[in-house]
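Beneath this line is the structure, given in structure tokens, with notes to follow.
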């Protein structure tokens with residue numbers, strides 16, 4: 001099991017409800033979404049053509065890519081539309097402390113999840 | 001020919017006359033009405049109060065109908081006396097009219113309970129169009145209204161006043177609402193729904209006094225409470241108007257007593273409607289009037305035979321979002337109650353069954369099965385086999401089942417009295433395929449509209465080429481057609497996307513419905529809605545067009561394609577400064593700067609110093625022009641100025657889909673105006689205004705809307721069409737689909753040929769929207785959110 005590194009990213013109110021914002025941390029660009037009751041973080045690249053997911057419209061717990069309307073789950077990283085697409089994106093565990101969104105950066109090994117949702121993607 | 005005098009120009013009297021006219025003419029007919037309006041649908045007054053219908057929309061028989069049928073109509077005359085010996089009636093204008101046969105259709109009046117101060121200004125009944133007009137004049141934002149009476153009428157009045165902006169309290173004498181139609185549980189559910197709408201409900205209180213000097217200032221209740229009120233509506237029930245019958249010496253109990261042939265105790269006097277009492281029952285609903293009218297028409301014309309045996313009492317509350325239905329005898333005495341309730345959903349259903357037959361039904365929160373129950377009630381169907389499925393249809397029920405179960409003689413439309421059989425005949429014999437054709441042919445579903453779903457289902461099941469003429473639902477998140485949604489948002493005064501999703505949808509929304517709802521709200525409230533950027537596509541969040549690489553393109557507004565050296569210099573400088581990858585002249589006579597980073601957008605806009613060209617949105621794009629009379633040797637109209645002016649009038653506004661326009665100075669059409677959404681085509685001495693053209697994925701020549709002489713008239717025609725499309729176009733429906741869907745004739749009729757008031761309304765709403773519209777690029781200086789354009793700057797980084 002690889003220990004995650006928690007990084008303080010931004011004040012909660014920097015992300016309006018039901019919107020996403022991009023954040024570059026190290027060599028990664030994340031898209032962090034405010035779902036009202038929690039924040040979810042994923043890689044900011046649609047598995048289709050690399051569209052900026054942070055600019056998508058939130059539909060429930062998924063986001064719709066602004067380029068070609070692929071729908072990606074923010075909880076699991078799986079592509080929900082088109083159906084039967086095996087591609088997915090990486091998700092990151094988040095928590096909120098003192099009004100700040102904190103994201104766990106390093107990948108946890110598959111099967112070793114303690115927090116956050118199941119991630120079917122392997123590291124890239 | 002004998003003389004028939006009808007006292008009362010309401011639904012009952014006129015419906016009966018309509019039936020009488022179906023027989024060989026044997027009467028010279030005069031109708032007296034004390035209201036000044038022709039016969040209208042009283043049951044739709046609540047829709048007028050709620051602003052869903054205009055007063056004229058509820059007219060049932062226009063003046064031409066009376067003329068065509070040779071009926072003398074005396075409006076504004078109240079008959080005060082009857083002399084049954086001499087066979088005359090006397091009006092309050094002093095006129096004396098002789099009759100051979102007299103028909104009393106005097107209806108009923110609002111019951112005024114013993115409350116002190118009912119004579120004060122600001123106290124109203126809610127019975128007539130006049131009452132409704134007065135209420136509409138007084139109602140408005142912030143006005144405090146108290147409705148005395150929590151029956152059907154009181155609740156509809158309360159909702160109407162609330163839609164008009166009033167703060168409304170309903171005071172009801174009984175312990176639960178609508179106690180004549182609902183059991184206490186049903187009343188409880190209903191009260192919850194009214195409270196959810198924001199209407200305060202006080203139960204079990206008696207109003208003692210209307211307080212105030214000359215004008216109502218409040219009402220005092222028996223428990224000592226005093227409620228502030230600028231407006232008091234008394235809806236405490238109705239009383240049959242029997243004064244004339246008394247004077248004529250007729251047998252009268254609560255109402256004028258009639259037998260099964262609809263005869264009174266005087267062989268030359270008949271009575272119908274809310275003023276009569278039949279087998280001990282006085283009806284206050286519409287369906288009985290029509291049934292009575294048919295019987296009475298036979299009796300009165302000497303074709304005695306048909307009998308009236310009473311009508312099953314059924315009532316529906318006409319408040320959108322508050323579904324209430326009640327029919328028959330729902331008391332549990334000697335009956336087996338069958339119930340279902342779910343407090344979270346706000347659904348309550350109760351059926352009462354006696355000897356295996358349905359005898360009563362109450363539905364609150366979900367009335368979709370009401371027709372099935374009405375049919376069981378009417379036919380006395382044996383329910384033994386269906387006992388397990390009384391409240392829910394059997395799993396995977398066949399869609400046509402309810403229809404199939406209905407008897408041919410079953411009434412589908414209770415307001416107009418149309419049976420299933422009549423509809424099937426219309427479908428087979430008149431070639432009816434759509435709901436609007438059905439309405440035209442049979443008048444079914446033109447009353448309260450509650451049978452629309454059933455009519456639709458019948459058409460679907462029976463019509464060989466059924467066409468859905470209401471558009472498909474917007475999406476699964478809010479399963480309503482866009483027409484429907486516009487109506488809901490307007491009448492329910494909804495102003496934010498999330499509110500709509502929470503109340504009428506799944507609470508979540510998606511990329512399909514959110515932008516559509518955003519557009520509708522902006523259009524309906526002329527920009528005065530709660531803008532929610534999370535419901536907008538990225539282009540409308542940052543006012544630029546997202547490219548395949550996630551960068552953006554920037555198109556400044558160059559009205560009519562006319563620019564200046566100075567603007568061009570600024571564009572060139574900005575393109576270099578921000579390392580724009582491509583500078584492109586577009587097909588719309590504009591310049592596109594491609595490859596701008598999101599965070600640079602506010603800066604490049606500031607450097608450009610030009611307004612947004614809206615090239616990224618469903619909104620006003622541009623007007624393409626030719627050089628017209630200024631330089632062209634063929635030009636006959638100043639198309640450049642006209643085009644620039646048109647662009648100025650429409651710019652910054654949003655539309656169902658993009659709107660591209662053109663203006664040309666002669667029929668050579670160099671700027672291709674005839675394939676634009678709106679085109680001005682200059683001719684010698686006139687302009688043609690054309691609409692619905694396309695040169696996109698389909699190519700379509702625009703239709704001629706109108707030919708006018710002046711530029712101003714052309715611009716105004718364009719404005720009328722533009723606003724009409726904004727209000728009636730479905731989101732993502734281009735004008736070329738819109739015009740085809742409606743037909744250019746209808747578009748003309750509703751815009752350039754519409755009555756003055758309608759045209760003015762369109763122009764007013766356009767002006768209102770325009771007054772609020774802003775150049776979106778100003779948000780570069782004043783962002784709606786501090787991270788609108790910039791990525792997050794992480795507080796800490798990975799070491």
Can you name every residue in the stretch B:100-150 that is assigned to a loop (DSSP other than H, G, I, E, B), in contact (Cβ under 8 Å) with a residue 12 or more places away in the chain and within 23 Å of residue B:243 (Cα to Cα)?
-> B:100, B:105, B:106, B:107, B:111, B:112, B:113, B:115, B:118, B:126, B:127, B:128
Might you check whether a residue that is surrounded by fewer than 22 Cβ atoms within 10 Å (Cβ to Cβ), in contact (Cβ under 8 Å) with a residue 40 or more places away in the chain, assigned to a strand (DSSP E or B) and outside the structural domain of residue B:722 (by TED's automatic domain parsing) occurs anywhere in the stretch B:586-600?
-> yes
Return the residue satisfying two criteria in turn: it lies in the stretch A:30-55 and is crowded, with 18+ Cβ neighbours inside 10 Å and either touching a residue at least 60 places away in the same chain (Cβ under 8 Å) or over 19 Å from residue A:72 (Cβ atoms) (or both), and of such residues it is nearest to the other protein chains (Cβ to nearest Cβ).
-> A:32
In the stretch B:1-18, which residue that is within 30 Å of the chain's Cα centre (by Cα) and not in a loop (DSSP other than H, G, I, E, B) is surrounded by the most Cβ atoms within 10 Å (Cβ to Cβ)?
-> B:12
Among what's in the stretch B:766-795 and is more than 14 Å from chain A (Cβ to nearest Cβ) and touching a strand residue (DSSP E or B) at 6+ places or on another chain (Cβ under 8 Å), pick the residue that is surrounded by the fewest Cβ atoms within 10 Å (Cβ to Cβ).
-> B:775
Looking at B:752, B:740, B:747, which one is surrounded by fewer than 18 Cβ atoms within 10 Å (Cβ to Cβ) and either assigned by TED's automatic domain parsing to the domain that holds residue B:652 or touching a helix residue (DSSP H, G or I) at 6+ places or on another chain (Cβ under 8 Å) (or both)?
-> B:740
Within the stretch B:421-438, tally of residues that are modelled with pLDDT under 80 and either in contact with a strand residue (DSSP E or B) (Cβ under 9 Å, 6 or more places away or on another chain) or surrounded by fewer than 18 Cβ atoms within 10 Å (Cβ to Cβ) (or both) | 1
Subset tally (residues that are at pLDDT below 80 and either part of a helix (DSSP H, G or I) or within 20 Å of residue B:314 (Cα to Cα) (or both)) for the stretch B:383-406 | 6
Quick check: is even one residue across the stretch B:706-726 at pLDDT 95 or above and within 30 Å of residue A:19 (Cα to Cα)?
-> yes
Starting from residues that are surrounded by 23 or more Cβ atoms within 10 Å (Cβ to Cβ) and in contact (Cβ under 8 Å) with a residue 40 or more places away in the chain, keep the ones in the stretch A:56-88 and report whichever is farthest from the other protein chains (Cβ to nearest Cβ).
-> A:74
All but one of (1) in contact (Cβ under 8 Å) with a residue 40 or more places away in the chain; (2) surrounded by fewer than 17 Cβ atoms within 10 Å (Cβ to Cβ); (3) more than 30 Å from residue B:533 (Cα to Cα) hold for residue B:713; which doesn't?
-> (1)
The correct count of residues that are part of a loop (DSSP other than H, G, I, E, B) and farther than 21 Å from residue B:341 by Cβ in the stretch B:366-382 is 2
From the residues in the stretch B:517-526 that are in contact with a helix residue (DSSP H, G or I) (Cβ under 8 Å, 6 or more places away or on another chain) and farther than 23 Å from residue B:789 by Cα, which one is nearest to the other protein chains (Cβ to nearest Cβ)?
-> B:517
Residue B:345 outside the structural domain of residue B:22 (by TED's automatic domain parsing) and either at pLDDT 90 or above or within 30 Å of residue B:47 (Cα to Cα) (or both) = yes
Identify, from the list B:293, B:302, the residue that is surrounded by 21 or more Cβ atoms within 10 Å (Cβ to Cβ) and at pLDDT 90 or above.
-> B:293
Please state which one of B:798, B:763, B:732 is in a helix (DSSP H, G or I) and either within 14 Å of another protein chain (Cβ to nearest Cβ) or within 24 Å of residue B:704 (Cα to Cα) (or both).
-> B:763
Test: residue in the stretch A:14-29 that is touching a strand residue (DSSP E or B) at 6+ places or on another chain (Cβ under 9 Å), surrounded by fewer than 23 Cβ atoms within 10 Å (Cβ to Cβ), facing chain B (nearest Cβ under 9 Å) and part of a helix (DSSP H, G or I) | yes
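The values are calculated or read from the model by the stated rules, or taken from the named source; none is laboratory data. All values reported here derive from a predicted model rather than from experimental measurement. With ideal geometry, Cβ positions are generated from the backbone for all residues, glycine too; neighbour counts draw on all protein chains shown.
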